[in-house]
Every structure is written in structure tokens, then in C-alpha cells.
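Undergrad: After the C-alpha cells below, expect a handful of questions from me.
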2 protein chains.
Amino acid sequence: MSASPGRGATAPSLLAALEGNGWRSGAEIAQRLGISRAAVWKQVERLRTRGYDIEATAGRGYRLVGARDLLLPEAIEASIPASHRPERLCGPLVHRDSIDSTNLLAASLAREGAGEGTIVVAEQQTAGRGRLGRSWVSPARVNFYGSVVLRPAIPPLEVPRLTLVAGIAVAEAIRATTPLAAAIKWPNDVLLDGRKVAGVLTELEAEADRVRFVIVGIGVNLNATREHFPPELRDKATSLALAGGAPVDRAAFAAALLAALDDAYASFLAGGFAALRQRYEALHCLTGRRVEVDGKPPIVGTVRGVDDDGALLVDGAGGVQRVVSGEVTLTTTYETLR
Amino acid sequence: MSASPGRGATAPSLLAALEGNGWRSGAEIAQRLGISRAAVWKQVERLRTRGYDIEATAGRGYRLVGARDLLLPEAIEASIPASHRPERLCGPLVHRDSIDSTNLLAASLAREGAGEGTIVVAEQQTAGRGRLGRSWVSPARVNFYGSVVLRPAIPPLEVPRLTLVAGIAVAEAIRATTPLAAAIKWPNDVLLDGRKVAGVLTELEAEADRVRFVIVGIGVNLNATREHFPPELRDKATSLALAGGAPVDRAAFAAALLAALDDAYASFLAGGFAALRQRYEALHCLTGRRVEVDGKPPIVGTVRGVDDDGALLVDGAGGVQRVVSGEVTLTTTYETLR
């Protein structure tokens, strides 16, 4: 993953040179990065404006004291394990402090030609959007809001499968960075203790039978408190911090999520949803449950899993039916999804 | 259908007042339209700048001598039979003398909230586009180039059916306005004597399982001469004038096409493609022919028609197969499609 143009490719190196909380002399850093001491000072200043707390003392040099937990490209990149080499989500990674909606910016970049793997992240959304025109609560600097540009060679009818791919990535990233047992409720709600912790909004622009680009937007509630949610959502929504009792390193979560999404998306391109079906079912909390799927008529039955196309299999009065879209509710209301 | 905002809703009335090639006094027109004689003069001037040839003589008044054959909203509206009341394609009708692509403008208007039934027509496209990123030859003032904004409540996978709906409308409009036996080659090529006379480019913006809007762009070669086509297309493409030996009234053709499209689209919304299947098959030239559909592996067989979802039914080695996308070629190359 590379930082977006103009963001300074040397910033990660300076951060790396300052790693470990000890003092580093200006001369030492300058030599390591192959730049002048004046250039080191300039970069330190820039990192400070971006939220890093860096001490500077004549004679001792520089020391990284801390950083606001932001979703800055260099912070996300620093958290990606060296073992993960992104196949598809290779950036650029565009960061905004505040934005109407990461999906809107990603779509606009894609329309102008941005390539597959372009990533947009924001600290805050002023017009965060969910499915079906709903809004997505997007307070500043506590959660993750990000969108990726994908250009898969698939017809529009296969795009809903990418929503399932994103669900896998979110649940796996939560499991990788916390002890929480995140579960997926078909198609792509991610739940903790039956409460929604993440949402995926997948949008596409296409010719009738060929996708031009897909924007997969993901919002994950990380450190949001009860007060960040409007009263009517407080019993239905949660965050990793609320469910786990501890704040989450947002950049580290973003890195884990992008790595999981890259990995799942590459599998999808190589083998279709069939290649991910078992991975999805391992995270899926509806299998074996009695559900009702809205529709005319509604479908009532017991979930048997998903098929190789990502359709939900519901075993009801008329045998097993494939459900490709619809809202699913548990019919035994005292149950909680885990 | 109403003219686009700012284009002057009184223009059609003035044209109506001048109908019949006779002289009309300024006072008579002013009284009929309920405006001042100075306002009549102003409107006459505007019509002249838009291509109408209007004589003005002191004492006799005004006389409509002729008009360049343009796709002006008032000219198209004047050609729509009074018996046709548009159900869905109710405008506004936006006209451009020259434009990059009518689909691009229509999509941009739709993104800004333009409603279903918004129509864009242009005399010329400087970046006319076809399917799969191909270009569409779009010389000035000889053909029809138009796009409509549709907002059907369907999932993206049903959008290819709208391409078939557009094919029906084009073929029916040609049959209604000329003696030519236009035929459809699945999915939506419209042919005259085996040569392509029209193209449809259907584009969509959607959530994964819900269409936000569809742009159906239609290009029809009307009065283009052989010289308007690049040499490599001269044996494959034709125009109504080339095939029929007589020039076509472009505004009248546009009116017939929009009326046919409105009618076919309304049927589609009411009953799905099933409601149009017979109408499609009556125009379809592949039924009974031996074809090959590209793919891995290619499908070879005899076309049995289309099904209620608009899929091509090909009867080959493995029985009848449903084809939902792909390029179809005749396997007996000496045949011509009619």
C-alpha cells in the first residue's frame, strides 16, 4: 500500500526511525533517511500537524511521545504485518479528516479513473450512508469509515457477493484484533452479542452486463460510546469498545480490516464465492435458526446455510428455497444472535 | 412531455400559431398567445436562432417557411400523436447541439436528482460511446442520439432486460415511420438487411441489490450517408436513408421512438419482460438460426427464441441452454440476417 500522491512517501520512514520511544539525534535520523537535518526538522513539523506528539530537545534530538489515534495512511501502513503483501488493495490510500461520505469520494475518484485498490478513509462522515438510503451514524475520530474501489470483471448480478466478502473481512478483522466473537447475519450485518457493530454499503456503476467499478464502503463502530448513538439505536448498535470494555487502536484495526478484505477479495476473484463459502459459514450465526424473510409471500423456515452463489438456504414449507435478497428476522423473538 | 426549464414553454404555441404555411399577423398571434406584439417578435427571433426559417413582412405579419430538421423539444413534441399520452417518459426533454455523450449528461443529471423520464437528445456526440467501451460514430445533424433516465424498482440483475425493451422500441419506431422491416438480433442490435442501424448502451448506478437509476442510451443512424461511416464500418452499418432510399424526418422519428419506448417500458414495469416476450419475438431474426455464442466453452446450436427473462434459448449438444450474455454469431456465414 502506498500513501496518496503528495502525502510524502518519506513520512513512514521518519516514523520508523523514531520507533521505540527513545531519543534519536537529528544527525542519526538524517543519515538513516539520507536527507539533511533541516529536512528532518521539516518532516517532524509535518508529523506534528498531523497529530503526532514529538519532543525535540537541543543536544538529545527527537523522541516520539505519542500520537492521536488517527487513520493516517502512515499509521495504517505501519500496522500492516510485514508478512501481508496486498494483492489487490494496493492503494493509493486517501485520508480525509471530514467528508460527506467515503463512498461518494471513492465513486468520484473511480469515475475519474482511479484504479482498483484505491482506498478512502475518513475520521468523520457528515453524510454517512447505509443501505436503502438510510444514514450511518459517523461521529469524529472514534470509528472506522472507509471505502475501496474494485474493478472485478463480473456482471452486476454477482456484485451482492462482494457484500458477503466484505462481511467476512469485517468479522475476521474483529476476531484478529480483539477477543470478541464477531458473527455475520446474512447477508452482511456484523454482530456482537446480537447488536450491530458494522455496516457495508456496496454500490456499483456498470453497463447492463459488465461492472465498470464497485465501491465497497465499510463502517465499523470501534471506540464509540453509548452517547455517540442516538437513543433509538442504543439497544441495537454497539462498538468494539462497548462490547469488549477496552478501546481499540483504530489504525491497527484499519490495517487488519484492509488486509482481511484484500485476502478475501483475492480468493473471490480466484474461485468465486464458492472459495469463501466455508469461511463465511464459520462466521455465520443464522444456520440452524428459524427465520422469516420478508417478501411476497414471506419465506419462513430453518436456515441451512448459504450456497456457492451466496444465497441463503431456507428450509420451509415448500422445501429448501434459495433467498438472494431480503431482510431476515428470527421468528423466535426471545433468541439473541451470537 | 415538457420542454426543459428555461427553454420557453411558449415556443410550441408560437409554432402552433404559425402552422400551415400561411401569413399570420403579429396582432393575431399576440392575441392568441396572450402576449404583446413585442414579445411575439422576440420569440420569432429566438425560433430563428434555433433553426426555423420565418418570414416577416410589414403589413402581412409572419410566415413559417421551413425549419432545419433538428431534434428540438418543440419539434419532437409537435410530432407526438395526440393519442399518445406518455406514462413514464414525461420529460423534461433536454436538447444539446453538441455534447460528449448523451449518456454522460443523463447520468450526471440523474446523480443530481433528475427524475424518471428525463430525456437528453443531441444533434452530435463528440465522444459517442457503445457497449464494452467501444465508440459510436456520431456525426452532426443526421442521426438520433438520445438517453433517458429510468428509475425502475428492480435489482441490477434485471437491468439487461431494459436493453431488450429498448431494442423493441427502436425496431417498432423504424417500422412505424418507414416501410423498412427492422429486425432485432439478440440481445439488442437492430438490423436492416443484416446491417446494424442502431445501438443501445444501458448503464446503471446501484446499490448491490437495488437500482438507483438506469440510463438507456440509443443511437439510430437516420440520414447518415456512406461517407459518414469510417471505411471499416461501411459494409456492416447502415442508416434508414441508405436502406430506404429516402431521408427521414428526424424529429418525427424521435417522437415515434420515445412513444414506443414509453409504451414498452410501461409494459415492462407492469408485467416484466414476460409481458413483452411475444412483441420481442415478432421482431427477432435469430429464431431457427444456427448460432455460436462466445464463452468458455462456446455454445453452438439452434435458437429457439427467448424466455420470460429475456435469455436466449439455444438448442445444442447438451439440450436447450439459457444464454444471459455473450456475442452471438451465425455459424452459416453465407446467411444474412433479416
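Undergrad: Among the residues of the range A:176-208, count how many are touching a residue at least 60 places away in the same chain (Cβ under 8 Å) and basic (Lys, Arg).
TA: Residues that pass the stated criteria total 1.
Undergrad: So, one more: Can you name the residue in the range A:204-235 that is within 14 Å of another protein chain (Cβ to nearest Cβ) and in a loop (DSSP other than H, G, I, E, B) and, of all such residues, is surrounded by the fewest Cβ atoms within 10 Å (Cβ to Cβ)?
TA: As a first pass, look at the range A:204-235 and keep what is within 14 Å of another protein chain (Cβ to nearest Cβ): A:204-218.
If we keep only those that are in a loop (DSSP other than H, G, I, E, B) as well, we get A:208-209.
Working: A:Ala208: 26, A:Asp209: 20.
The extreme case among them is A:Asp209.
Undergrad: When you scan the range B:192-209, do you find a residue that is at pLDDT 95 or above, outside the structural domain of B:Val314 (by TED's automatic domain parsing), of a type in the set (Gly, Ala, Ser) and farther than 25 Å from B:Glu77 by Cα, even just one?
TA: Among the residues of the range B:192-209, at least one is at pLDDT 95 or above, outside the structural domain of B:Val314 (by TED's automatic domain parsing), of a type in the set (Gly, Ala, Ser) and farther than 25 Å from B:Glu77 by Cα, which makes the answer yes.
For every residue, the table says whether it meets (1) basic (Lys, Arg); (2) surrounded by fewer than 18 Cβ atoms within 10 Å (Cβ to Cβ); (3) within 29 Å of B:Asp235 (Cα to Cα).
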{"position": "B:Gly271", "(1), (2), (3)": "no, yes, no"}
{"position": "B:His284", "(1), (2), (3)": "no, no, yes"}
{"position": "B:Gly288", "(1), (2), (3)": "no, yes, yes"}
{"position": "B:Val293", "(1), (2), (3)": "no, no, yes"}
{"position": "B:Lys296", "(1), (2), (3)": "yes, yes, no"}
{"position": "B:Val300", "(1), (2), (3)": "no, yes, yes"}
{"position": "B:Arg304", "(1), (2), (3)": "yes, yes, yes"}
{"position": "B:Ala317", "(1), (2), (3)": "no, yes, no"}
{"position": "B:Val323", "(1), (2), (3)": "no, no, yes"}
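Undergrad: Do you know which residues across the range B:135-180 are touching a Lys or Arg at 6+ places or on another chain (Cβ under 9 Å) and aromatic (Phe, Trp, Tyr)?
TA: B:Trp136, B:Phe144
Undergrad: From B:Leu276, B:Leu261, grab the single residue that is in contact with a Phe, Trp or Tyr (Cβ under 8 Å, 6 or more places away or on another chain), closer than 24 Å to B:Val328 by Cβ and either more than 14 Å from chain A (Cβ to nearest Cβ) or not basic (Lys, Arg) (or both). Break it down into steps so the answer makes sense when it comes.
TA: On the way: B:Leu261 fails: in contact with a Phe, Trp or Tyr (Cβ under 8 Å, 6 or more places away or on another chain).
Exactly one residue qualifies, and that residue is B:Leu276.
Undergrad: Quick one: which of B:Glu281, B:Glu292, B:Glu327 is closer than 29 Å to B:Gln124 by Cα and not basic (Lys, Arg)?
TA: Checking each option against the conditions leaves just B:Glu327.
Undergrad: Yes or no: the range B:280-294 includes at least one residue that is under 24 Å from the mean Cα position of the chain (by Cα), acidic (Asp, Glu) and at pLDDT below 95.
TA: Looking for residues that are under 24 Å from the mean Cα position of the chain (by Cα), acidic (Asp, Glu) and at pLDDT below 95, one finds none in the range B:280-294, hence no.
Undergrad: Condition check: surrounded by 14 or more Cβ atoms within 10 Å (Cβ to Cβ) and either over 22 Å from A:Asn223 (Cβ atoms) or in the same structural domain as A:Leu222 (by TED's automatic domain parsing) (or both). Does A:Gly113 satisfy that?
TA: No: the conditions fail for A:Gly113.
Undergrad: Let me ask something additional. On the basis of being within 12 Å of chain A (Cβ to nearest Cβ), more than 15 Å from the chain's Cα centre (by Cα) and surrounded by fewer than 24 Cβ atoms within 10 Å (Cβ to Cβ), does B:Pro92 make the cut?
TA: no
Undergrad: If I go through the range B:150-203 residue by residue, how many of them are assigned to a helix (DSSP H, G or I), polar (S, T, N, Q) and within 14 Å of chain A (Cβ to nearest Cβ)?
TA: The number of residues fulfilling the criteria is 1.
Undergrad: So, one more: Would you say B:Arg304 is basic (Lys, Arg), without any contact (Cβ under 8 Å) to a residue 40 or more places away in the chain and under 29 Å from B:Val149 (Cα atoms)?
TA: No, not satisfied.
Undergrad: A further question follows. Scan the range B:150-188 for residues that are under 28 Å from B:Arg96 (Cα atoms) and either surrounded by fewer than 21 Cβ atoms within 10 Å (Cβ to Cβ) or of a type in the set (Ser, Thr, Tyr) (or both) and jot them down.
TA: Hits for the range B:150-188 are B:Arg151, B:Pro152, B:Thr163, B:Arg175, B:Ala176, B:Thr177, B:Thr178.
Undergrad: If I filter the range B:294-327 down to residues being part of a strand (DSSP E or B) and within 13 Å of chain A (Cβ to nearest Cβ), which single residue comes out as farthest from B:Ala173 (Cα to Cα)? Talk me through it step by step, then tell me what you get.
TA: First, the residues of the range B:294-327 that are part of a strand (DSSP E or B): B:299-306, B:312-316, B:319-323.
Now restrict to residues that are within 13 Å of chain A (Cβ to nearest Cβ): B:312, B:323.
On the way: B:Leu312: 23, B:Val323: 27 Å.
Only one residue fits best here, namely B:Val323.
The values are calculated or read from the model by the stated rules, or taken from the named source; none is laboratory data. Source: prediction; values computed, not measured. Don't worry about glycine lacking a Cβ; one is built from the backbone with ideal geometry, like all the others, and counts go over all protein chains shown.
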